[in-house]
Amino acid sequence: MHMACPNQRTSPIQHADRIPRPFASSLSPSSRPFTPSVRPSSRPFTPSVRPSLIALFLLLIASALFVLACDPTPPTETTTETTTETTTEISAESTPDAQPDNTTGPDNTTGPDNTTGPDSTTESTLPETTPSEALPEESGPIDVSEITPETTLPETTLPETTLPETTPETTPLQQIALQARALAQQTGNLLVSNGIPFASGQLTSISGLTLKSGNQEIALFAKILARWQDQSIRAILLQFQRPSTQFPATLTLELNGSPQIARRAETPITWTLPQAIAFPDKTALCDSMIGGPLIPHNTNPTFQAYDTNQTTYYNQLKGNTEWGNDARLDGYYSTALTWYLLFLRTGDSEIFSWARREAVHYRDDQIIQSGPNIGRMNGRTEPRYLYLRAMELDYLLTGDPKTLQVSEMMAEYLYSLHPTDWYHYKKTDRRFWTERRAGFALLGLLVYGRFSGKTKYTDRAKEILTKILATQAEWPNGGWIHGLYYHDSAECADQNAFGGSPFMTGLLYEGLLAAHHWLQDPRILPAIRQSTEWLWTQGWRQTGFLYLIGCGNSYTDASPDLNLLLSHGFAFLYWADGKKPTDLQRAQSVFQEGVKNAYLKARKQYNQNYRSSGATLYYLTK
């Protein structure tokens with residue numbers, strides 16, 4: 001149908017009276033707020049009305065488009081007031097807190113007479129609608145005889161909805177203090193280079209790391225060395241320079257700061273000792289759990305004798321006068337490990353320097369790094385000479401990539417040492433097997449897997465763990481029972497003797513507790529419960545355990561000097577299983593008699609006593 005434009009342009013307002021009021025209100029859903037949840041209805045909607053309503057609405061749209069095409073700029077003399085009134089009415093209904101006299105448009109400008117700015121014109125347009133909004137259910141029958149092509153709806157202007165301003169949440173600044181110490185007697189700028197450990201969840205990104213001396217930012221280099229199971233950062237390598245005249249100093253490392261200066265480049269590690277170091281204090285070092293469960297040195301009077309012995313005999317044993325190429329002679333049970341654990345408990349930079357020297361000596365002088373025996377210790381095939389815990393701490397506290405490289409050689413040797421079935425000792429077996437050999441393989445593979453991130457080794461550790469637990473299940477008493485004659489015929493000559501070694505069980509506990517903390521394996525706690533019960537009932541003799549259990553009357557006296565190899569297992573049971581009084585009494589007895597009777601004048605015995613017993617203090621106090 002062709003419709004000619006009328007000769008006289010007509011304001012939408014002038015023809016509004018042609019539309020009956022019920023019809024006008026029903027066609028102007030935007031002139032009042034659309035509130036689906038509150039829909040007063042004078043009569044219910046009937047399905048028979050809907051087709052005619054849709055057709056009518058389409059006719060209205062066509063009429064409006066026709067009018068716009070004929071006169072895109074209608075007169076404005078009377079529109080401003082009407083629009084303002086309409087706006088005021090809608091604002092009062094839909095936005096109680098709005099101020100209609102200062103309505104602001106989308107561009108935040110205000111037009112004449114306090115109406116909306118440039119986007120508010122008198123051009124008549126139909127508001128956009130959705131099908132559910134087009135025809136309100138409360139509409140009654142509509143008389144189409146009143147509709148003319150010239151008829152348009154009065155324009156309405158919805159107020160701009162402004163959300164209340166909100167202040168974004170700000171994350172509190174997280175920071176740690178670093179104690180910077182020079183290790184070299186040099187002048188000029190000294191390079192600080194060392195690892196910084198973090199507790200699980202403490203640091204998730206290095207992008208916000210900001211190092212400051214007072215308010216002055218210092219250019220740094222940082223990279224991630226290892227991660228926790230939740231992928232938070234376990235340790236980073238931190239490097240920066242500082243004038244030699246400005247040591248010692250306390251610096252601030254902001255973990256989620258806003259660095260303003262460019263980062264420096266990495267300096268490759270080619271040294272045994274850096275020129276300077278900057279570590280957190282002993283509390284933060286212990287809280288990081290990088291060395292396992294520990295508490296700071298000399299902070300609990302209950303453990304005064306233990307702490308005093310640890311530092312006294314360290315001072316007597318430190319140095320390189322005993323060094324050779326055989327760890328059995330100068331570092332049996334890992335001097336580097338016990339020195340590093342003491343550093344974590346004290347924060348003492350001198351102890352760190354000796355721990356680092358011991359670790360490099362062990363790594364470079366005692367581990368075979370090429371040929372068919374790669375990964376073994378010189379002249380020895382046994383896994384008890386492969387100290388992956390010492391290598392882990394060396395790598396995480398120095399960032400030295402060579403330590404990581406040599407550690408993989410050691411882990412690969414352990415990986416291929418035995419098929420996994422070897423670790424399951426059956427009742428019918430008549431072969432060599434010890435708790436120590438199984439324990440060192442489990443511990444070494446698990447530790448390397450966790451600090452390298454290579455699941456191949458962690459997976460093998462899980463397989464070995466399952467076989468070790470199967471060995472325990474072969475016997476109802478809870479011990480790791482095996483043929484003592486095949487273990488060492490010089491120690492037990494009875495070929496039919498089956499039993500176990502308490503101190504070697506303590507070495508096995510190291511791997512089991514590492515599996516508990518790293519893998520959260522629920523089988524560990526009941527295994528420790530059964531084992532400690534067997535040890536206590538079958539092997540405890542007032543001050544300590546028998547050297548061997550099950551070799552007839554060959555061993556009747558206690559060996560309390562080895563107690564500290566087992567104390568962490570008994571203390572763990574108290575900590576992890578409800579803190580039962582009986583568990584506490586047993587753990588305290590094992591520990592206290594061990595401290596009282598420990599022989600510490602040689603490296604082997606010192607290392608036996610302090611390689612794992614530090615966890616005892618944590619378990620008894622946390």
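Counting only protein heavy atoms and a 1.4 Å probe, the stretch 423-553 has 36 square angstrom of accessible area per residue.
Here the label points at L191 and K454, each 7 Å from Cα along the C-beta direction, are separated by 2.6 nm in the simple model.
What lysines sit close enough to K402 to cross-link, taking a C-alpha to C-alpha distance under 22 Å and skipping anything fewer than 8 places away on the same chain? List returned: K223, K454, K456. Couplings 3J(HN,Hα) for the stretch 525-530, derived from phi with the Karplus relation 6.51 cos²θ - 1.76 cosθ + 1.60 (θ = phi - 60°), are 4, x, 5, 5, 4, 5 Hz, where x marks Gly and Pro. Taking every protein chain into account, the 1.4 Å probe leaves D326 with about 30 Å² of accessible area, to the nearest ten. Peptide packing: for 271-283, 433-445, the average count of neighbouring Cβ atoms within 10 Å per residue gives the ranking 433-445, 271-283, highest mean first.
Sort H516, H297 from largest to smallest accessible area, using a 1.4 Å probe on the heavy atoms of the protein chains.
On the way: H516 45, H297 20 Å².
Of H516, H297, the descending order of accessible area is H516, H297.
With the highest mean first, a sort of the peptides 174-185, 229-240 on other beta-carbon atoms found within 10 angstrom per residue produces 229-240, 174-185.
Computed on the stretch 507-622, with alpha-carbon pairs under 8 angstrom and 6+ residues apart, the relative contact order is 25 percent. Sorting the Cα pairs of the stretch 305-387 by distance into bins of 10 Å, from 0 upward, gives 18, 47, 26, 8, 1 percent per bin.
Working with all protein chains in place, sort T270, T532 by solvent-accessible area computed with a 1.4 Å probe, largest first.
The ranking, largest first, comes out as T270, T532.
When 1/r is averaged over all different Cα pairs and the result inverted, which Kirkwood radius in Å belongs to the stretch 390-540?
Computed over the stretch 390-540, the radius equals 16.1 Å.
Across the stretch 429-588, C-alpha contacts under 8 Å between residues 6 or more apart give a mean separation that, scaled by the residue count, equals a relative contact order of 21 percent. Scaling against 2.2 N^0.38 Å puts the C-alpha radius of gyration of the stretch 484-594 at 1.08.
For the stretch 436-512, the fraction of alpha-carbon pairs lying more than 16 Å apart is 55 percent, rounded to a whole number.
Label point of I261 set 7 angstrom out along Cα-Cβ; within the stretch 195-217, amide nitrogens under 14 Å from it belong to 210-217.
Segment D421..L173, full-extension length gain: 84.1 nm, with 0.36 nm per residue of separation and the alpha-carbon distance subtracted. Overall size of the stretch 489-543 from C-alpha positions, given as principal axis extents largest first: 40, 25, 19 Å. The heavy atoms of K318 offer some 60 square angstrom of accessible surface to a 1.4 angstrom probe. Of Y485, Y333, the residue with the largest accessible area leads and the full order is Y485, Y333 (1.4 Å probe). Counting only residues at least eight positions apart within a chain, or on another chain, the lysines with an alpha carbon under 30 Å from that of K579 are K282, K462, K467, K596, K622. Label zone (S554, point 7 Å along Cα-to-C-beta; backbone nitrogen cut-off 19 Å) within the stretch 478-501: 479-501. Straight-line reach from K604: taking Cα to Cα under 16 Å and skipping same-chain neighbours fewer than 8 places apart, the lysines in range are K318.
The values are calculated or read from the model by the stated rules, or taken from the named source; none is laboratory data. This structure is a prediction, so every number in the text was calculated from the model and none was measured. Heads up, the Cβs are rebuilt from the backbone with ideal geometry, glycines too, and the neighbour counts pull from every protein chain shown. The protein model used for the area step is the full one, side chains on, heavy atoms only, and it has no ligands, DNA or RNA in it. Shrake-Rupley method; radii C 1.70, N 1.55, O 1.52, S 1.80 Å.
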